[in-house]
Amino acid sequence: TKMGVLACMRTVFYIFGADFLRGTWVQTLWMGLALVTIFMGSMMAYKEPLMKRRFAYSTVSQVSYILLGLSTMTVIGITGALLQIVFHAVAKTALFLMSGAVIYETGKVRIRELGGIGRQMPAVMTGFTLASLSLVGIPPLAGFVSKEWLAHGAMEANVMGLYWAGPLILLISAVLTAGYLLFISVDAWKQTEKTVKKQKNRKLSIPVFVLGVLTVLLGIFPGRLIGITEQIAHMLIG
């Protein structure tokens, strides 16, 4: 999912250059389309009843966060975009591995079927919940760090008409993300059956739980990664 992002980076920063495009209609259009896609991806995910397809629409929105950061053509915004690449990869991998584990264990593929699944697969759903909180942007998880940098970058870019729209769309998207992810976690811990089935393959829990914990650690200790991404951002700006 990040190959399109890499293509944009190569085209904008290595072929044309940030100085050439900054302040032009190209930057305004790029930022505007990124904000629209953030919102639309979140809305499509919110309405989607199939589990894996909901996560896919979420990826459309979350990857557009990266494009928004790049479109600011500021060190802060690009740093946020690079951080988002890493943090989104960790969190969204946890979500898709969760869906795989649930399908393998139960065969359930729809969101409405997941009630009580947390009692059967507690470690999986714990990792999923942590990753979801990160995607929403709740502190002190990793997603909060990248989204804070992205919001500041959007304001620093000072593109006409989008100075206030960037942080506003990010906030609306966070609310929608909470709606389409955290309600899964809430339903997962409801007691729907008197007897709880045991998870057959407990090894499926390990990667989801580890990735969930990793979103917490990256959020609490982001300093090293921020330093690296800032250096890359300065290189791209030139």
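Here are 70, 97, 50: which of them is modelled with pLDDT of 95 or more, open to solvent by 60 Å² or more (accessible area, probe 1.4 Å) and out of contact with any Ser or Thr (no Cβ under 6 Å at 6 or more places or on another chain)? Walk me through it before giving the result.
Numbers: 70 fails: open to solvent by 60 Å² or more (accessible area, probe 1.4 Å); 50 fails: open to solvent by 60 Å² or more (accessible area, probe 1.4 Å).
Testing whether each residue is modelled with pLDDT of 95 or more, open to solvent by 60 Å² or more (accessible area, probe 1.4 Å) and out of contact with any Ser or Thr (no Cβ under 6 Å at 6 or more places or on another chain) leaves just 97.
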Any idea which residue in segment 107-119 is farthest from residue 52 (Cα to Cα), counting only those that are open to solvent by 20 Å² or more (accessible area, probe 1.4 Å) and touching a helix residue (DSSP H, G or I) at 6+ places or on another chain (Cβ under 7 Å)? 115
Flagged pairs (Cβ under 7 angstrom, 6 or more apart or on separate chains; first in segment 109-129, of a type in the set (D, E, K, R); second assigned to a helix (DSSP H, G or I) and surrounded by 19 or more Cβ atoms within 10 Å (Cβ to Cβ)) are 110/51
Looking only at segment 14-31, filter to residues that are in contact with a Gly (Cβ under 8 Å, 6 or more places away or on another chain) and in a helix (DSSP H, G or I); which one of those is most open to solvent (accessible area, probe 1.4 Å)? 19
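Considering segment 66-109 alone, what residues qualify as being charged (D, E, K, R) and part of a helix (DSSP H, G or I)?
92, 105
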If you go through segment 198-213 one residue at a time, do you hit one that is under 30 Å from residue 19 (Cα atoms), of a type in the set (Gly, Ala, Ser), in contact with a Leu (Cβ under 6 Å, 6 or more places away or on another chain) and not in a loop (DSSP other than H, G, I, E, B)? no
Considering only residues that are in contact with a Ser or Thr (Cβ under 9 Å, 6 or more places away or on another chain) and open to solvent by 50 Å² or more (accessible area, probe 1.4 Å), which ones fall in segment 215-230? 230
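Residue-by-condition table, conditions (1) closer than 25 Å to residue 218 by Cα; (2) in contact with a Leu (Cβ under 6 Å, 6 or more places away or on another chain); (3) modelled with pLDDT of 95 or more; (4) among the acidic types (Asp, Glu):
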site: 154; (1), (2), (3), (4): yes, no, no, no
site: 164; (1), (2), (3), (4): no, no, no, no
site: 174; (1), (2), (3), (4): yes, no, yes, no
site: 180; (1), (2), (3), (4): yes, no, yes, no
site: 195; (1), (2), (3), (4): no, no, no, no
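The values are calculated or read from the model by the stated rules, or taken from the named source; none is laboratory data. Everything quoted here is computed from the prediction, not taken from an experiment. Using ideal geometry, Cβ is built from the backbone for each residue, glycine included, and neighbour counts are taken over all protein chains shown. Heads up: the accessible areas ignore ligands, DNA and RNA and are worked out on the full protein's heavy atoms, side chains in. Shrake-Rupley method; radii C 1.70, N 1.55, O 1.52, S 1.80 Å.
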